[in-house]
Amino acid sequence: MKFLHCGKFRLALDRPLLMGVINITPDSFSDGGNFARTDAAVTHARRLVDEGADLIDIGGESTRPGAAAVTLEEERRRVLPVLEALAGCNVPVSVDTQKPELMREAVAAGAHMINDVNGFEADGAVAAVAGSECAICIMHKQGSPQTMQGAPAYRDVVGEVRDYLAARIAVAQAAGITQARIVADPGFGFGKTLAHNLELLRGLDRLAPPAIPVLAGLSRKSMIGAITGRDVEGRIFGSVAAALIAVQRGAAIVRVHDVAATRDVLAVWQAVSGKT
Ligand code: HH2
């Protein structure tokens, strides 16, 4: 059986894993402002674990299109107290950051995974995690959050995302990060039109080498809004449908805000497919 090495945790990949999202930000598109305070973020994280999250992803900088960049000091102030408060919880904690300095501090403070929407491209990012036991999530994006939804363009979106992920996986492995610590993510909504996102979802099983688990983050995103005509609060049903489709197409991890609902949907799928 395949396992994902996440610090001291070994997560079996024989069933899909649920990553519960906590944005410790005032401006995230999906839950902005709800968990900006440390105590609210920690309480919500514990609730997501109770609802069945297999891991928790905490982030202190919104990456929604057009979001303002956050200073290292501010991101640190948002993230580290929540990470420290969750250190004793019984699931791995992932830190969503693009900043190598914060990656290092998060690893030192007990993070089990670093999730970088910038694919560990910043100087020092790979080195910040290489010497640790942390898992890494390498995500593809085109452009920066400030510009990425301007005019995303690809010749072959599945091929280009696959080639990018393969190249970044090779860089990580060359730095000593073992395959068992690596997760790949096509980055739904990060420099992609609705058509690109749909093509990536259809081609999900072709995006990474079979040994590398794929993470899909579709929850509450604008593609769900475009399909259903719903604003963020009304996207739960569309989001769980997308999570189910991602899992059926081979996603090992789904990154979601609505853990309880997604858990139930996946439980039905697992019962039918024999993956209990
Ligand atoms: N999506 C978001 C943020 N981080 N990380 C990975 N690996 N994959 C994703 O799809 C992904 C991600 C955006 O969603 P959210 O965190 O809800 O919003 P915001 O960036 O506005 O905080």
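The charge dipole of the range 5-151, taken about the Cα centre with unit charges on the Cβ atoms of Lys, Arg (+1) and Asp, Glu (-1), comes to about 160 debye, rounded to the nearest 20.
Here r is the Cβ-Cβ distance between T147 and D123 and R0 is 30 Å; the resulting FRET efficiency, rounded to 0.05, is 0.90.
From least to most packed, judged by other beta carbons within 10 angstrom and beginning with the fewest, Y154, Y164 follow the order Y154, Y164.
Per residue of the chain, what 222 nm ellipticity follows from adding -39500 (n - 2.57) for every DSSP H run with n ≥ 4, rounded to the nearest 500? Mind showing how you got there, number by number?
Working: 9 runs with 106 residues, N = 276.
Computed ellipticity for the chain at 222 nm equals -12000 deg cm²/dmol.
Each of V158, V240 was scored by other Cβ atoms within 10 Å of its Cβ. Listed from fewest to most, they are V158, V240.
May I ask you to compute the full-extension gain from W269 to A40, defined as 0.36 nm times their residue separation minus their alpha-carbon distance, rounded to one decimal in nm? Mind showing how you got there, number by number?
Details: separation 229, 0.36 × 229 = 82.44 nm, distance 3.20 nm.
Working it through step by step, the gained length comes to 79.2 nm.
Partner lysines whose Cα lies under 21 Å from the Cα of K141, excluding those fewer than 8 positions away in the same chain, are identified as K99, K192, K221. If only the Cβ of Lys and Arg carry +1 and only the Cβ of Asp and Glu carry -1, the dipole of the range 124-276 around its Cα centre is close to 80 debye.
In this rough spin-label picture, where each label sits 7 Å from Cα along the Cβ direction, the Q179-E51 distance is 3.5 nm.
Sorted fewest first by neighbouring Cβ atoms within 10 angstrom, S62, S94, S273 come out as S273, S62, S94. Stick to the Cα atoms of the range 117-169, pair each with every other, and give me the Kirkwood hydrodynamic radius in Å at one decimal. One decimal place: 12.5 Å for the Kirkwood radius. Just going by the charge dipole of the chain, with Lys and Arg at +1 and Asp and Glu at -1 on Cβ, which of P16, V254, F188 is farthest out on the positive end? Result: P16. With an 8 Å cut-off on Cα pairs and a minimum separation of 6 or more residues, tell me the relative contact order of the chain in percent. This gives 19 percent for the chain. Selection among P100, Q142, A128 by position relative to the dipole of the range 55-187 gives Q142 as farthest towards the positive end (Cβ unit charges, Cα centre).
About its Cα centre, how strong a charge dipole does the chain have in debye, to the nearest 20, once Lys and Arg get +1 and Asp and Glu get -1 at the Cβ?
Numbers: 29 positive and 30 negative charges, 125 e Å.
Roughly 600 debye for the chain.
Per residue, the convex hull spanned by the alpha carbons of the chain comes to 114 Å³.
Can you work out the FRET efficiency for the pair A130 and T228, with r the C-beta to C-beta distance and R0 = 35 Å, to the nearest 0.05? All intermediate terms of the calculation are to be shown ahead of the outcome.
Values: r = 41 Å, r/R0 = 1.18.
About 0.25, to the nearest 0.05.
No lab work stands behind these numbers, since they all come straight from the coordinates. These figures come from a predicted structure and were not determined experimentally. A quick note on method: Cβ atoms are made from the backbone with ideal geometry, for glycine too, and the neighbour counts reach across all protein chains shown.
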